[in-house]
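The values are calculated or read from the model by the stated rules, or taken from the named source; none is laboratory data. These numbers were taken from a predicted model, which means no experiment stands behind them. Note that we place each Cβ from the backbone using ideal geometry, even for glycine, and neighbour counts take in every protein chain shown.
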Amino acid sequence: MRDVGDALTAETIRIAGFGGDEIEAYLARPAGNGDRRGGVVVIHHMPGYDRGTKEIVRRFAELGYDAICPNLYHREAPGAAPDDAAATARGQGGVPDDRLVGDVGGSADHLRSLPSSNGKVGVIGYCSGGRQSVLAACHLDLDAAVDCYGAFVVGEPPPDFPIPITNLVDQLPNLRAPLLGLFGNEDKAPTREQVDELDRILTEHDKPHEFHRYDGAGHAFFSVDRPAYRFEAAVDGWERIEDFYGRYL
Amino acid sequence: MCTYQTVRAAMRGSAKGPQSRWFRVTDATVYFDHPVHAMAEHTLNIDLADPARGPGARVAVELTAASARELAAAIQTALDAAPAELTA
């Protein structure tokens, strides 16, 4: 049989997250340790550490990266089904920002500890994870960050907002990694104006970034099993991600 | 968009949930946001749960906005139609 070099492994592991807490994570890696390669931390969307997110992790392994997704809801609901865990975490107010940074940092440390690591790690997040990707890149030594339609990177949450979330405007001067932003022009959070504002702020602070914005697409256009899926935006978006990580990782 | 909404209410009652077992419901969480299963971009989601029994002790429904309004009206109609002394 011809060796096409596409073997990979994927498994649930335990890593040290924020405060040294042991948390669950899903790790996918190309087979073998022969070629040094970059790593990708995938931050799941608000509905949780689900099948769709794990497919994304495996896709990054197929693209040649060691990839990991920490279960951000592991503390609230260890061993629970992803939807039950998401409901529980939501009921308890969501994921605090400092904990998110610690869990992403622990994930990046794990990737860098692998014998195949070239020392470079990127981060990507979807939906609420888009904001968290930018947040992590403001606090951690990461080599590239991708924000897929994250709300409240800029813009003010309404005064009666149900969870304690703030925008990241005051933290953007500390952004340590080049940022790729992928947005749908029909999205309401972030709006087109908010994406414009983020672009302006990053330019003012001389932060390397590139944004791609898609007509006919709204929020969550990468979600293949949801009505929001827009194949033209998603296919182009994946190509942008491959190109971006190819340059920085 | 993610609304991040979370409206909570204390409950007294029961629900039939995992493994077709009844359990006491102590909490309701209501939010209009992305569903897990319903084929709509946003739905009115209700979790009826007993957090003390773990994350799996939950009955979840995801309804379109129109359906949720129909349900709310139906609940109100049923309560209004019952003798007042029973629903006080």
Quick check: anything in the range A:67-90 within 14 Å of the chain's Cα centre (by Cα), under 30 Å from B:VAL59 (Cα atoms) and small (Gly, Ala, Ser)? no
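Kindly indicate which of B:ALA72, B:ALA38 is closer than 23 Å to A:ALA189 by Cβ and either part of a helix (DSSP H, G or I) or more than 9 Å from every other protein chain (Cβ to nearest Cβ) (or both). Working first, answer last.
Working: B:ALA72 fails: closer than 23 Å to A:ALA189 by Cβ.
Exactly one of B:ALA72, B:ALA38 is closer than 23 Å to A:ALA189 by Cβ and either part of a helix (DSSP H, G or I) or more than 9 Å from every other protein chain (Cβ to nearest Cβ) (or both), namely B:ALA38.
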Only one residue in A:PRO208, A:PRO178 is under 19 Å from the mean Cα position of the chain (by Cα) and buried (at least 19 other Cβ atoms within 10 Å of the Cβ). Which one? A:PRO178
Could you list, in sequence order, all residues of the range B:19-46 that are among the charged types (D, E, K, R), modelled with pLDDT under 95 and closer than 22 Å to A:GLN92 by Cβ? B:ASP33
Pairs where the first residue, in the range A:67-95, is closer than 9 Å to B:PRO55 by Cβ and the second is part of a helix (DSSP H, G or I) and small (Gly, Ala, Ser), C-beta under 8 Å, 6+ apart: A:TYR73/A:ALA85; A:TYR73/A:ALA86; A:TYR73/A:ALA89; A:GLU76/A:ALA85; A:GLU76/A:ALA89; A:ALA77/A:ALA85; A:ALA77/A:ALA89
Just name the residue that is nearest to B:ASP27 (Cα to Cα) out of those in the range A:83-98 that are more than 8 Å from every other protein chain (Cβ to nearest Cβ) and in contact with an Asp or Glu (Cβ under 7 Å, 6 or more places away or on another chain). A:GLN92
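Which one of B:VAL36, B:VAL30, B:VAL61 is closer than 17 Å to B:GLN5 by Cα, over 14 Å from the mean Cα position of the chain (by Cα) and hydrophobic (A, V, I, L, M, F, W, C)?
That would be B:VAL36, the only listed residue that is closer than 17 Å to B:GLN5 by Cα, over 14 Å from the mean Cα position of the chain (by Cα) and hydrophobic (A, V, I, L, M, F, W, C).
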Per the filter on the range A:61-75, residues surrounded by 22 or more Cβ atoms within 10 Å (Cβ to Cβ) and either at the interface with another protein chain (Cβ under 9 Å from one of its Cβ atoms) or not in a loop (DSSP other than H, G, I, E, B) (or both) are A:ALA61, A:ASP66, A:ALA67, A:ILE68, A:CYS69, A:PRO70, A:TYR73
Residues of the range A:26-51 being surrounded by fewer than 24 Cβ atoms within 10 Å (Cβ to Cβ) and out of contact with any Phe, Trp or Tyr (no Cβ under 9 Å at 6 or more places or on another chain), which ones? A:LEU27, A:ALA31, A:GLY32, A:ASN33, A:GLY34, A:ASP35, A:ARG36, A:ASP50, A:ARG51
Among the residues of the range A:176-200, write down those that are out of contact with any Pro (no Cβ under 9 Å at 6 or more places or on another chain) and of a type in the set (A, V, I, L, M, F, W, C). A:LEU180, A:LEU182, A:ALA189, A:VAL195
The condition from (1) surrounded by 18 or more Cβ atoms within 10 Å (Cβ to Cβ); (2) in a loop (DSSP other than H, G, I, E, B); (3) away from chain B (no Cβ under 14 Å) that A:CYS138 misses is numbered (2)
So, in the range A:211-238, of the ones that are modelled with pLDDT of 95 or more and under 16 Å from the mean Cα position of the chain (by Cα), which residue ends up nearest to A:ARG176 (Cα to Cα)? A:PHE211
Only one of A:ASP187, A:ASP199 is more than 11 Å from chain B (Cβ to nearest Cβ) and either at pLDDT 95 or above or closer than 23 Å to A:GLU239 by Cα (or both), namely A:ASP199
Scan (1) among the acidic types (Asp, Glu); (2) in contact with a helix residue (DSSP H, G or I) (Cβ under 8 Å, 6 or more places away or on another chain); (3) without any contact (Cβ under 8 Å) to a residue 24 or more places away in the chain for the single condition B:ASP27 breaks and write down its number. (3)
When you scan the range B:47-88, how many residues do you find that are within 23 Å of A:HIS45 (Cα to Cα), touching a strand residue (DSSP E or B) at 6+ places or on another chain (Cβ under 7 Å) and surrounded by fewer than 19 Cβ atoms within 10 Å (Cβ to Cβ)? 6
Single condition A:PHE161 does not satisfy, out of (1) within 22 Å of B:ASP33 (Cα to Cα); (2) surrounded by 15 or more Cβ atoms within 10 Å (Cβ to Cβ); (3) touching a residue at least 12 places away in the same chain (Cβ under 8 Å): (3)
In the range A:144-249, which strands (runs of 3 or more DSSP E) lie fully inside it and hold 1 or more residues that are hydroxyl-bearing (Ser, Thr, Tyr)? A:209-214
In the range A:89-117, how many residues are over 16 Å from A:GLY17 (Cα atoms) and crowded, with 24+ Cβ neighbours inside 10 Å? 1
